[in-house]
Amino acid sequence: MIVINSHQDLAEINNPSNQLPESAEIFLSKFFDQLHQLLVQGKKPFRLSDHGYRLLLLVKSDTLVSLRTAGFRMYDHFLEYVECLALDDCLLFKACITEDNENFTFVISVTGIQSKEVENWFSHHMEGGVLHEEKNSQL
C-alpha cells in the first residue's frame with residue numbers, strides 16, 4: 001500500500017515494482033492536484049493529512065488484513081461510495097470513506113491485481129456500472 005500525502009509521494013507510484021499502468025499514474029496525479037486545489041490555494045507545502053484527507057493506493061497483493069494492520073479499518077468507517085473507472089489501459093476501483101464530517105479517505109486500486117477478498121469487497125460495494133473517465137473530470 002502506498003500512502004499519497006504529498007507531491008513527493010506521487011513519485012513513488014512511478015516505481016516499476018508497483019506495475020501501475022500509465023493511465024492510473026496520470027489519474028492519481030490529476031486527482032491529487034484536484035484535492036490540492038479544492039483544499040488550499042497557493043504554493044505553500046501541502047499535505048492531504050493536514051486537511052483530514054488520506055489517499056491510499058493498493059498495490060499488488062495488498063489484503064484487507066494489511067489495511068487493518070496499517071490502522072485503516074474499512075468496515076469501521078462510513079463508506080460513501082465505490083466506483084469503477086475505465087481509463088485508457090486499465091480499470092480502477094475508487095472508494096471514498098467518510099470517517100466523520102471532516103475526514104475522508106480515498107482508496108484506489110487497479111482491478112485484477114488484488115486478492116479475491118479485496119476485489120470482492122470493491123465489487124460488492126460498487127454501485128452502478130463502470131464509469132468512463134473523462135479528460136476534465138471533477139471530484
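The values are calculated or read from the model by the stated rules, or taken from the named source; none is laboratory data. Since this is a predicted model, take the numbers as computed values, not measurements. Cβ placement follows ideal geometry from the backbone for every residue including glycine, while neighbour counts extend to all protein chains displayed.
Among the helices (runs of 4 or more DSSP H) contained in the stretch 1-119, which hold 1 or more residues that are of a type in the set (Val, Ile, Thr) and under 19 Å from residue 130 (Cα atoms)?
22-39
Scan the stretch 102-126 and report the pairs whose first residue is in contact (Cβ under 8 Å) with a residue 12 or more places away in the chain and among the acidic types (Asp, Glu) and whose second residue is surrounded by fewer than 16 Cβ atoms within 10 Å (Cβ to Cβ) and assigned to a loop (DSSP other than H, G, I, E, B), with Cβ atoms within less than 6 Å and a gap of 6+ or a chain change.
Pairs that qualify, where the first residue is in contact (Cβ under 8 Å) with a residue 12 or more places away in the chain and among the acidic types (Asp, Glu) and the partner is surrounded by fewer than 16 Cβ atoms within 10 Å (Cβ to Cβ) and assigned to a loop (DSSP other than H, G, I, E, B), are 102/52.
Checking the structure you have, find out if any residue of the stretch 48-65 is at pLDDT below 90, exposed (fewer than 15 other Cβ atoms within 10 Å of the Cβ) and touching a strand residue (DSSP E or B) at 6+ places or on another chain (Cβ under 7 Å).
Checked the stretch 48-65: no residue is at pLDDT below 90, exposed (fewer than 15 other Cβ atoms within 10 Å of the Cβ) and touching a strand residue (DSSP E or B) at 6+ places or on another chain (Cβ under 7 Å).
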